[in-house]
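Okay, so here's the structure we're looking at.
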Amino acid sequence: MAFKVSGVKKGLMVIHGLEAFVEKFIDRKLKDARIDEKVAELRRVLRLGRRPAPPPPVPPAAVAPPAAPAPKVPAPRAKAAKVPAPRARPAKVPAPRSPAPSAAKAKVPPSKQAGPRPRKVVEPVAQLLAALEAHPQRPALLRAGRSKDQLLRSLIPLYLAQGLDIDVTSGTVTKLWARHGVTFAAPNAAKALREHEGYSRRTSAGPLITPNGVKYVEDALAAGGAA
């Protein structure tokens, strides 16, 4: 395609036919673009009726050999707890029963079973005090015991002990007079009987009053208790 160039005006050159050429060129390009669109659309339509091509095979990757299985370790067995066997309890053997007492023994009164009862022991001092309280000349005996005559004071307990199954010692004499407020030491009582022979006699059971001693006491009582 030939172009015509006209004169230059103010530094500009006028080319005739260039504008028409550009328009045709653009129209052709637009037509080509439309054809390409049609072709692409046709291809899309045709591609819908076909199965999609399978993807290209992937080269197998290097597969590592399978790891060897770990050896099986048997789990430790739980030990059963030891339960102590129940102890066998010894059989209870009933104790032999004692034979029932016979009817004859059951009817025996307790007094005969226990035997003779022990005799109640009464102190000599208590018996002497009882004899003194029961004596008809008690006031005279007390006055004689409070006198200064130690022999008379020692003989009065022996006098009261006549007929009593008791042993009178010097200590018994001391206790008897102490109950009535008279102080009389045991050694003094023994000394008085020892120094005045014939008024008492010594035995294994203790001193006993003699007839001379009885007469000495009764003479004092007849005199009102004063020796």
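The values are calculated or read from the model by the stated rules, or taken from the named source; none is laboratory data. These figures come from a predicted structure and were not determined experimentally. When we count neighbours, we look across all protein chains shown, and the Cβ atoms used for this are built from the backbone with ideal geometry, even at glycine.
Rundown of residues vs (1) touching a Ser or Thr at 6+ places or on another chain (Cβ under 9 Å); (2) surrounded by 13 or more Cβ atoms within 10 Å (Cβ to Cβ); (3) modelled with pLDDT of 90 or more, yes/no style:
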site: Asp165; (1), (2), (3): no, no, no
site: Thr169; (1), (2), (3): no, yes, yes
site: Phe184; (1), (2), (3): yes, yes, yes
site: Thr203; (1), (2), (3): no, no, no
Evaluation of Glu197 against (1) under 19 Å from Gln127 (Cα atoms); (2) part of a loop (DSSP other than H, G, I, E, B) (one fails), failing number | (1)
